[in-house]
Every structure is written in structure tokens, then in C-alpha cells.
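To start, the structure itself, in C-alpha cells.
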Amino acid sequence: MRALKAWSGLTYREIAARAHQNGDVLPPSTLATVLGRTTLPREDVVRAFVRVCGGKEETDAWLRARSGIAQAAWTPYGPGGAPGQL
């Protein structure tokens with residue numbers, strides 16, 4: 001997502017304004033938090049962000065990639081044999 005933001009050339013405020021035009025809520029503070037951490041962002045954040053920075057036609061591919069990452073991070077059995085995440 002950081003590379004997509006850099007490629008777009010948009011500032012956090014510009015992304016937030018364009019997201020608002022699309023009917024999404026994506027405050028600059030949320031963008032800074034999402035792009036500054038290493039955890040998986042929520043699906044709605046990815047959708048809004050990619051619609052602004054990459055285009056609507058790329059959104060489905062990004063959401064599939066996010067879903068694949070989320071599924072790979074899930075394990076059927078956690079510590080002690082209980083279902084859960086690693």
C-alpha cells in the first residue's frame with residue numbers, strides 16, 4: 001500500500017478528499033496509521049484506498065490479495081490445540 005501511495009503521488013489529505021468524493025471515510029490520521037504499521041488493514045480501508053490510488057478496476061485484485069493474506073495467517077489450531085490465530 002505504501003508503494004501504491006507513492007506511485008499515486010497523492011498526499012494523505014488528497015486521498016482523504018477523494019475517498020470522501022467516492023462516499024468513503026478515510027481520514028488522513030487513519031491513512032498514516034495504516035501505512036505506518038505492519039498489520040493487515042481492514043477490508044473497507046483497503047477498498048477505499050485502492051479506489052482512490054489505484055483505480056476501481058484494481059480493487060478486486062487487492063481485496064483478493066488481502067483475503068489470501070488473512071487466510072494464510074489463520075491456523076486451524078492455536079497454542080494448546082484450540083482453534084485460533086498464531
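Bear in mind these aren't lab numbers, they're just calculated from the coordinates by the rules spelled out. Quick caveat, the model's predicted, so the values are computed rather than measured. Using ideal geometry, Cβ is built from the backbone for each residue, glycine included, and neighbour counts are taken over all protein chains shown.
Summary of computed values
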quantity	calculated
Size of electric dipole in the chain: Cβ of Lys, Arg +1 and of Asp, Glu -1, about Cα centre, debye, nearest 20	160
Estimated distance in nm for a label pair at A70 and S29, the labels positioned 7 Å out from Cα along Cα-to-Cβ	2.5
Trypsin sites (Lys or Arg not before Pro), loop per DSSP, at most 13 other Cβ atoms within 10 Å - longest free stretch of the chain	43-86
Simple label model, 7 Å out from Cα along Cβ direction - T39 to A3, nm	2.4
Cα radius of gyration and Dmax for the chain (Å)	14.9, 48
Footprinting exposure proxy for T11, T30 (fewest neighbouring C-beta atoms within 10 Å first)	T11, T30
